[in-house]
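Trainee: Before I ask anything, let me first share the structure, which is written out below as structure tokens.
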Amino acid sequence: MKLLLIDSRALHQKDSFDKVASKLISSFPQFQSILIGGNPELEMKIQSILDQSSEKNFEYSEEIAEVESHFLKLVRELFPVQLQSSVLSFVRKEFNKMDDLCKGVHLLKTLPANITEEIYFLTSTIYGFLLSSYLQSKELEVLWNEKLELNENKKTGCMIPEKDKHSTHLISLVDEKIQRVEYWTAQEPYFTADPEWVELAECIGKLTYEEAIELNSGSNGLSPQLLGITSRLHIPLHIINIHQKDEKPSTIIQHGESGNSMATGISCQSDIALLSIEGSGMIGMKGFAKKVFEVIHEANVNVILISQGGSEHSICIAVDSKQVVRAKEKLTHAFQQEISNGLLESIKVTNDVLLLGLVGENMRNHTGVSGRMFNALGKNGINILAIAQGSTERNISATILKKDKKKALNVLHETFFEQVKKEINLYIVGTGNVGKKLVHQLIQQAGSIEDWHHIRIRIAGLSNSRKMVIDPAGIAFDQWETKLNGGTKSDLHAFADEIIDLNLRNSVVVDVTANEHVPEIYEKLLRKSISVVACNKIAASSAYTHYKLLKSLAREFNCKFLFETNVGAALPVISTLNDLINSGDRIKKMEAVLSGTLNFVFNNYDGTRPFAEVVRQAQDEGYTEPDPRLDLSGTDVMRKIMILAREAGNPLEMDAIACNGFLPDSCFKGSVEDFYREMLAHESHFQGLLKEANDKNTKLKFVATYENGKASVGLKHIEPESDMYHLYGKDNIVLFYTDRYLQQPLVVKGAGAGAEVTASGVFADIMRTINR
């Protein structure tokens with residue numbers, strides 16, 4: 001025989017009601033009995049009614065009328081007019097009963113437990129009566145039994161309302177004669193995570209009873225008593241969605257091996273508060289924990305989680321947030337003397353907490369599951385307040401702040417259940433040449449990166465000097481300019497604050513500007529575990545103490561501060577240097593041509609046209625900074641060699657770098673256009689530099705050198721046998737002389753300027769943030 005349990009949420013609307021009835025009409029004789037479950041949404045409404053009536057708030061009667069009107073409307077939709085009278089009469093009688101009970105509560109100013117149970121039971125009773133009446137209207141022989149008695153003589157079975165708290169009633173129905181229990185619902189109750197918060201959550205096809213009990217939060221409509229009884233009797237529980245076309249269960253709960261690889265699902269319980277008891281007086285005190293839990297028991301407070309340090313210096317317990325005030329008062333009173341004597345600190349309460357549980361029967365067979373769980377949370381800046389794991393290794397529980405709920409659920413789901421894809425949420429600051437090229441590359445490569453690297457890239461926000469826009473749902477690649485132009489007025493700090501408040505997982509802020517103010521937001525972002533990718537050289541070339549602070553914050557808060565494109569655009573200069581250092585090598589000397597702009601200029605200046613014209617060409621082709629004097633003065637090269645020296649472990653500052661410039665002093669006065677006019681006026685000076693180099697059969701290169709802790713930059717004559725001689729176009733080159741590469745340097749060479757290659761270097765850094 002089979003027992004059928006119907007989730008009353010599947011009877012809440014006419015279309016779902018009709019589906020349940022039609023399925024019953026075709027299969028009803030095979031069930032021994034039918035139970036109608038509770039409705040969490042209605043139960044919340046009823047709780048509000050009870051609270052208002054006990055608090056002498058007359059608005060409870062309006063809420064009763066609202067609930068009643070729903071049922072009356074349902075009756076009129078389901079039954080023809082000639083059959084409505086008796087059903088409407090029953091519904092009104094039940095709600096009159098509810099109204100009378102609430103009036104009694106209102107007068108007594110108290111809420112007896114038996115009254116609460118009777119009122120909660122009422123809606124299940126009505127649903128059961130409606131369904132039995134509907135089936136009788138279809139000329140089926142159905143016995144409606146409100147008293148929870150089983151009549152085995154009726155082959156068509158009984159229509160019986162189910163009540164979670166009355167487990168004895170369930171026991172009377174579920175016995176050895178039942179070979180299977182079906183649970184009909186309008187929605188699957190068991191998902192890998194709450195689908196309301198995790199878009200990619202999937203229905204769990206197979207569960208052990210132990211996993212089901214661990215994942216059962218109560219909101220899914222399953223009775224804990226039913227799970228316990230069917231588990232003891234080894235009866236399979238088949239969950240069927242009434243909206244499915246076939247009769248296959250969406251979830252099967254039974255004993256045996258888990259059908260899942262490692263983890264099965266993520267449970268989440270909200271409205272939790274933490275109580276922390278700390279003090280030296282606890283250490284070695286026998287029976288202290290016993291006294292704590294006796295007080296909690298006497299206060300009628302349910303303990304959800306317990307965590308105690310091995311030092312015996314603290315105990316942390318999680319309770320329902322509605323009970324935390326009572327629990328704190330009782331504990332404070334019980335330990336008043338110890339608190340007064342300083343043996344215990346005042347009882348601390350942390351509100352707005354939720355409890356996450358990673359559940360899986362097979363987790364015991366895999367090492368490092370808890371490490372993987374906590375590592376994933378930590379990388380996204382989610383602080384864990386307390387943890388607990390049972391000896392069965394079936395459930396790893398952690399409490400976190402409620403504000404991190406969406407991020408935490410998605411991070412854990414991504415880590416344990418989305419073996420295919422991870423997601424990066426990008427916030428791009430700067431939409432000039434490099435910014436536009438970066439977005440274009442994202443558009444071109446997004447599909448292949450998703451296919452090859454299993455990474456999904458989303459643009460979650462954009463900002464430039466005029467406008468900014470943030471959309472947590474993601475900005476379509478082909479709509480980014482329209483969205484940005486329709487955004488709000490740009491405000492860097494407001495932009496950063498909104499990114500922090502959104503709290504999306506795997507967030508990366510990309511600075512593709514040369515703006516000196518953008519790096520001001522780096523620190524607050526890193527402190528919230530938001531990675532920063534900087535094309536902008538301002539931060540890494542700022543005061544050494546600030547540079548070190550940003551690097552240490554990235555380490556401390558488990559995120560990334562990456563700036564590969566600060567030196568050599570997309571060339572792997574900084575990453576190669578870091579690899580050398582991390583593998584134990586030591587830098588003896590670095591020589592480099594680090595300005596694509598200057599290399600382009602001196603490669604193209606042959607005296608046939610003015611030096612100023614060649615510089616103008618470099619700017620027009622996007623090789624220079626917005627103000628070319630930063631390149632031609634050597635300032636940009638000074639920053640780059642300083643960054644390399646710092647990455648090599650030397651606390652170098654800009655004023656310690658010697659600069660042998662080649663521009664006349666008058667070129668630095670006035671505007672950029674004044675600069676071009678002055679270069680034209682000094683064309684003979686540039687002709688002289690070129691002639692001297694040609695006379696020596698050398699080439700002019702602006703070279704940066706670092707050796708023995710000292711750095712310098714300046715124009716040099718490069719001999720034909722040098723690695724620097726054969727540099728063309730906008731190429732850069734870096735020569736690393738190390739303990740391993742002492743006689744023959746390690747050479748990194750290639751295009752070191754231009755929006756396209758710089759954007760590709762930024763893109764590479766973005767990818768590094770997720771592969772950490």
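Trainee: What pairs come up if the first residue lies in region 206-231 and is open to solvent by 10 Å² or more (accessible area, probe 1.4 Å), the second is modelled with pLDDT of 75 or more and of a type in the set (Val, Ile, Thr), and their beta carbons are under 6 Å apart, counting only those six or more places apart or on different chains?
Mentor: Short answer, once both residue conditions are applied: LYS206/ILE252; GLU214/VAL359; LEU215/VAL359.
Trainee: Still on this structure: Limited to region 488-503, what total is found for residues that are more than 25 Å from the chain's Cα centre (by Cα) and at pLDDT below 95?
Mentor: Counting residues in region 488-503 that are more than 25 Å from the chain's Cα centre (by Cα) and at pLDDT below 95 gives 0.
Trainee: Can I ask one more? State yes or no: is LEU331 open to solvent by less than 10 Å² (accessible area, probe 1.4 Å) and under 25 Å from the mean Cα position of the chain (by Cα)?
Mentor: no
Trainee: GLN179 passes all but one of (1) open to solvent by 70 Å² or more (accessible area, probe 1.4 Å); (2) at pLDDT below 65; which number fails?
Mentor: (2)
Trainee: Tell me, please, whether a residue that is over 22 Å from the mean Cα position of the chain (by Cα) and either closer than 24 Å to MET468 by Cα or not acidic (Asp, Glu) (or both) can be found in region 421-430.
Mentor: yes
Trainee: Kindly indicate whether ILE306 is of a type outside the set (Lys, Arg), outside any loop (DSSP other than H, G, I, E, B) and under 24 Å from LYS2 (Cβ atoms).
Mentor: Here the answer is no, as ILE306 does not meet what is asked.
Trainee: Return yes when ALA193 is of a type outside the set (Val, Ile, Thr), open to solvent by less than 10 Å² (accessible area, probe 1.4 Å), at pLDDT 60 or above and assigned to a loop (DSSP other than H, G, I, E, B) and no when it is not.
Mentor: So ALA193 passes the test.
Trainee: List the residue pairs whose Cβ atoms are under 6 Å apart, where the first residue sits in region 258-281 and is over 19 Å from ILE296 (Cα atoms) and open to solvent by 40 Å² or more (accessible area, probe 1.4 Å), the second is outside any strand (DSSP E or B) and not polar (S, T, N, Q), and the two are 6 or more positions apart or on different chains.
Mentor: As it stands, the answer is none, since no pair meets every condition given.
Trainee: Going through region 53-90 one residue at a time, which ones are open to solvent by 100 Å² or more (accessible area, probe 1.4 Å), out of contact with any helix residue (DSSP H, G or I) (no Cβ under 7 Å at 6 or more places or on another chain), not in a helix (DSSP H, G or I) and not acidic (Asp, Glu)?
Mentor: Listed by number, the list holds a single entry, PHE58.
Trainee: Output the residues belonging to region 311-346 that are closer than 17 Å to LYS286 by Cα and of a type in the set (Asp, Glu).
Mentor: Result: GLU312, GLU338.
Trainee: List every residue pair whose Cβ atoms lie under 7 Å apart, where the two residues are 6 or more positions apart in sequence or sit on different chains, the first residue falls within region 546-559 and is of a type in the set (Lys, Arg), and the second residue, located anywhere, is not in a helix (DSSP H, G or I).
Mentor: LYS551/PHE561
Trainee: Which members of region 663-692 meet the condition of being crowded, with 17+ Cβ neighbours inside 10 Å and among the aromatic types (Phe, Trp, Tyr)?
Mentor: Correct list: PHE675, TYR676, PHE686.
Trainee: Suppose the filter is open to solvent by 40 Å² or more (accessible area, probe 1.4 Å), part of a helix (DSSP H, G or I), touching a residue at least 60 places away in the same chain (Cβ under 8 Å) and out of contact with any helix residue (DSSP H, G or I) (no Cβ under 6 Å at 6 or more places or on another chain); does ARG740 pass it?
Mentor: Judged against the criteria, ARG740 is not a match.
Trainee: Give me the residue from region 692-715 that is free of Cβ contacts under 8 Å to residues at least 24 places away in the same chain and either basic (Lys, Arg) or assigned to a helix (DSSP H, G or I) (or both) and, out of that set, nearest to THR608 (Cα to Cα).
Mentor: ASN694
Trainee: Turning to a different aspect of this structure: Among the candidates LEU358, LEU377, LEU344, single out the residue that is open to solvent by less than 30 Å² (accessible area, probe 1.4 Å), of a type in the set (A, V, I, L, M, F, W, C), in a strand (DSSP E or B) and more than 15 Å from SER307 (Cα to Cα).
Mentor: LEU358
Trainee: Which is among the hydrophobic types (A, V, I, L, M, F, W, C), surrounded by 15 or more Cβ atoms within 10 Å (Cβ to Cβ) and touching a Gly at 6+ places or on another chain (Cβ under 8 Å), of VAL508, VAL469, VAL434, VAL532?
Mentor: VAL469
Trainee: Of the numbered conditions (1) surrounded by 16 or more Cβ atoms within 10 Å (Cβ to Cβ); (2) without any contact (Cβ under 8 Å) to a residue 12 or more places away in the chain; (3) of a type outside the set (Phe, Trp, Tyr), LEU735 fails exactly one; give the number of that condition.
Mentor: (2)
Trainee: Going through region 582-609 one residue at a time, which ones are under 18 Å from GLY714 (Cα atoms) and surrounded by fewer than 16 Cβ atoms within 10 Å (Cβ to Cβ)?
Mentor: Once the filter is applied, which keeps residues that are under 18 Å from GLY714 (Cα atoms) and surrounded by fewer than 16 Cβ atoms within 10 Å (Cβ to Cβ), region 582-609 yields only LYS589.
Trainee: Filter region 7-29 for residues that are touching a Gly at 6+ places or on another chain (Cβ under 9 Å) and at pLDDT below 75; which is least open to solvent (accessible area, probe 1.4 Å)?
Mentor: Step by step, filter region 7-29, then rank; the result is PHE28.
Trainee: Can you name the residue in region 282-303 that is outside any loop (DSSP other than H, G, I, E, B) and open to solvent by less than 70 Å² (accessible area, probe 1.4 Å) and is also nearest to THR350 (Cα to Cα) among such residues?
Mentor: VAL303
Trainee: Let me ask something else. Got a sec? Which of VAL411, VAL420 is assigned to a helix (DSSP H, G or I), over 24 Å from GLN479 (Cβ atoms) and at pLDDT below 95?
Mentor: Exactly one of VAL411, VAL420 is assigned to a helix (DSSP H, G or I), over 24 Å from GLN479 (Cβ atoms) and at pLDDT below 95, namely VAL411.
The values are calculated or read from the model by the stated rules, or taken from the named source; none is laboratory data. Fair warning: this is a prediction, and the values are worked out from it, not measured in the lab. Note that we place each Cβ from the backbone using ideal geometry, even for glycine, and neighbour counts take in every protein chain shown. Remember, those area values only see protein heavy atoms, side chains included, never the ligands or the DNA or RNA. Shrake-Rupley method; radii C 1.70, N 1.55, O 1.52, S 1.80 Å.
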